[in-house]
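Read-outs throughout are calculated quantities, based only on the coordinates presented, and are distinct from any laboratory measurement. Just so we're clear, the structure is a prediction, and the values are computed from it rather than from any experiment. Glycine gets a Cβ as well: all are built from the backbone with ideal geometry, and neighbour counts include every protein chain shown.
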Amino acid sequence: MANGRFITFEGVDGAGKTTQLEWARQFLEQRGQPLTVTREPGGTELGEALRNVLLNAKRPIHPETEALLMFAARREHIDEVILPALQRGDVVLCDRFTDATFAYQGGGSGVESEKLEALEKWVHADLQPDLTLYFDLPVEIARQRLSGEREADRFERESAEFFQRVRTAYLARARQNPRRINVVDASAAPAAIRKLVENILLSACQ
Ligand SMILES: Nc1ncnc2c1ncn2[C@@H]1O[C@H](COP(=O)(O)OP(=O)(O)OP(=O)(O)O)[C@@H](O)[C@H]1O
Ligand SMILES: [Mg+2]
């Protein structure tokens, strides 16, 4: 897979993923690293249409339907964006990936992990991120950060208990994948996290 690196950013809503991803983009760009920056759900025309459905639907969606739509968007995203970029040798920075489906649809909404594992195997048996930065944050702090931000989407309107289950599932996934998933204390100051992320990127992208 040439020298491409697939790096994902994970964490509950408000953990600081987008903030740190933008700094990571600037940092790697300044070093002349060819980059592809993308997000899930989304990243393709179909994926962005599915994102709109998933984030803004006015009626409840069955959690298994959510999981299937996430993986449908992901299938397209891998084929159209992620694999071609890795084959070119790009570093791919992706805001959320499959860990988020295990955390939200699995931990948050109770879809059995066996079902999600089957979908994961179907959609990307041979692909895993080379590195995942999981921004870990107590739920109360994440919610404080989001209050006053743009209007909340479907997921952001979920209860504190839901987000607690999401966080627990992320931490379980990090324990199961200790080499891939780097747990970052997201309660630190943004600049301190930035420095830490830069150091992690330096060792991952050389
Ligand atoms: N380390 C930090 N300390 C305090 N505030 C922060 C920190 N990192 C980000 N923020 C602020 O918290 C808010 C949420 O950050 P950001 O949008 O990066 O989170 P996110 O994980 O991408 O959230 P979402 O999942 O909703 O997209 C923003 O207002 C941002 O400026
Ligand atoms: Mg974000």
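Where the only charges are on Cβ atoms (+1 Lys, Arg; -1 Asp, Glu), what is the dipole of the chain about its Cα centre, to the nearest 20 debye? Intermediate results must be reported in sequence, preceding the final value.
Working: 27 positive and 31 negative charges, 71 e Å.
That gives the chain a dipole magnitude of about 340 debye.
Determine the calculated [θ] at 222 nm for the chain from helices alone, applying -39500 (n - 2.57) to every DSSP H run no shorter than 4 residues and normalising by the residue count; nearest 500 deg cm²/dmol. If you can, show how the numbers build up before the last one.
Values: 9 runs with 104 residues, N = 206.
Only helices count here, giving -15500 deg cm²/dmol.
Please work out the Cα center distance from segment 126-153 to segment 42-93, rounded to the nearest Å.
So the two Cα centres are separated by 18 Å.
Taking the alpha-carbon distance from Lys195 and a cut-off under 24 Å, which lysines remain once sequence neighbours fewer than 8 residues away in the same chain are dropped?
Lys17
For each of Trp122, Trp23, count neighbouring Cβ atoms within 10 Å of the residue's Cβ, then give the residues from fewest to most.
Values: Trp122 10, Trp23 19.
So the residues, fewest neighbours to most, are Trp122, Trp23.
Across the chain, how large is the tail of the calculated P(r) beyond 24 Å, expressed as a percent of all Cα pairs? Kindly include the intermediate steps, with their values, before the conclusion.
Numbers: 8001 of 21115 pairs.
Of all Cα-Cα distances in the chain, 38 percent exceed 24 Å.
Could you list which residues have their amide H under 5 Å from that of Val111, counting only those 5 or more apart in sequence or on another chain, with H placed in the peptide plane?
Gly106
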